[in-house]
Amino acid sequence: MKETDDRKMYYFFDEAGSPEILGRKGINLVTNGSTSKIFIVSFIATEDPKSLNKAMKLIHEEIVDDPYLSSVPSMKSTRLMFHANKDCAEVREKVFRVLHEADFTFQCIVARKKLSIFRDRYDLKPSGLYKDLVSKLLKNRLHLNKEIDCYFSSMQNVIWKESMEDAISEAKKRFRDKWGLEHDNSIRVIIQKSSEIYALQAVDYMLWAVFQAYEHEDFRYIDFIKEKVKLIIDIFDFKNSPYGTYYSKKNAISLEKISPQKD
């Protein structure tokens, strides 16, 4: 187990996919193709958010001023902020090239939307799901730095300061139960709109790359930024372990390794 580092770390969180499974009259939205097959929670970690924000700001200014892109319909959204799902291909390429050179690491937890698990563990409540995934994602991370600022992208009725503080407390408890150790690090929770901070837009892009791999079997993007991907936890893929399937730099994710998704 690594010792605590005195340097301050910054985590920027976001999510991808919908946490919903059932629609009106109990219709399974996943099986009828009306919603995503997965829900992902992730963060990027960096000691130098200013450099990341600056690099993203510079490419944003360049894109907004580019006459070649000015008449693209999606630029209406891109002018406000980067959003990988809405940005055009030319914008995505520029942003991914910036992320490829930036200094950060990325971790995420993928929840396959299995109705039985979502009902039994979370009572189909998105807030409980999100809080649990954040806690699992952080349980072995919070002791690594004396001071950590956790920025969460706001999500109505799911993310608020108190719930994320609860998730962090649960992560600490899981660490204590596993290792028998306490840590008194300073951890702050900040809820912010993605449009207000470029680092949150960066994690949106990283998430989109993972989402494309799982939802569309398109690994082009995640392969390009694979050096940034420190950990992917496929939490409900129990093919190798009751604790889920883990991908890392030593065990890189690939189409051949991902299990087919079944309820």
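Some notes on this structure:
- Residue count, region 214-232 (criterion: farther than 11 Å from residue 249 by Cα, charged (D, E, K, R) and in contact (Cβ under 8 Å) with a residue 60 or more places away in the chain): 1
- Counting only helices (runs of 4 or more DSSP H) that sit completely within region 84-149, those holding 2 or more residues that are modelled with pLDDT under 95 correspond to 115-122, 126-138.
- Criterion: closer than 20 Å to residue 112 by Cα, in contact with a helix residue (DSSP H, G or I) (Cβ under 6 Å, 6 or more places away or on another chain), without any contact (Cβ under 8 Å) to a residue 40 or more places away in the chain and among the polar types (S, T, N, Q) - qualifying residue of 135, 163, 241: 135
- Condition check for residue 102: over 26 Å from residue 54 (Cα atoms), within 19 Å of the chain's Cα centre (by Cα), in contact (Cβ under 8 Å) with a residue 40 or more places away in the chain and buried (at least 16 other Cβ atoms within 10 Å of the Cβ): no
- Residue pairs whose Cβ atoms lie under 8 Å apart, separated by 6 or more positions or on different chains, with the first residue in region 105-119 and polar (S, T, N, Q) and the second in a loop (DSSP other than H, G, I, E, B), are 107/141; 116/263.
- For residue 126: the one exception among (1) touching a helix residue (DSSP H, G or I) at 6+ places or on another chain (Cβ under 7 Å); (2) buried (at least 16 other Cβ atoms within 10 Å of the Cβ): (1)
- Considering residues of region 105-128 that are under 16 Å from the mean Cα position of the chain (by Cα) and hydroxyl-bearing (Ser, Thr, Tyr) only, the residue farthest from residue 166 (Cα to Cα): 105
The values are calculated or read from the model by the stated rules, or taken from the named source; none is laboratory data. Treat the numbers as computed from the prediction; the structure is a model and nothing was measured. Virtual Cβ from ideal backbone geometry, glycine too; neighbours counted across all protein chains shown.
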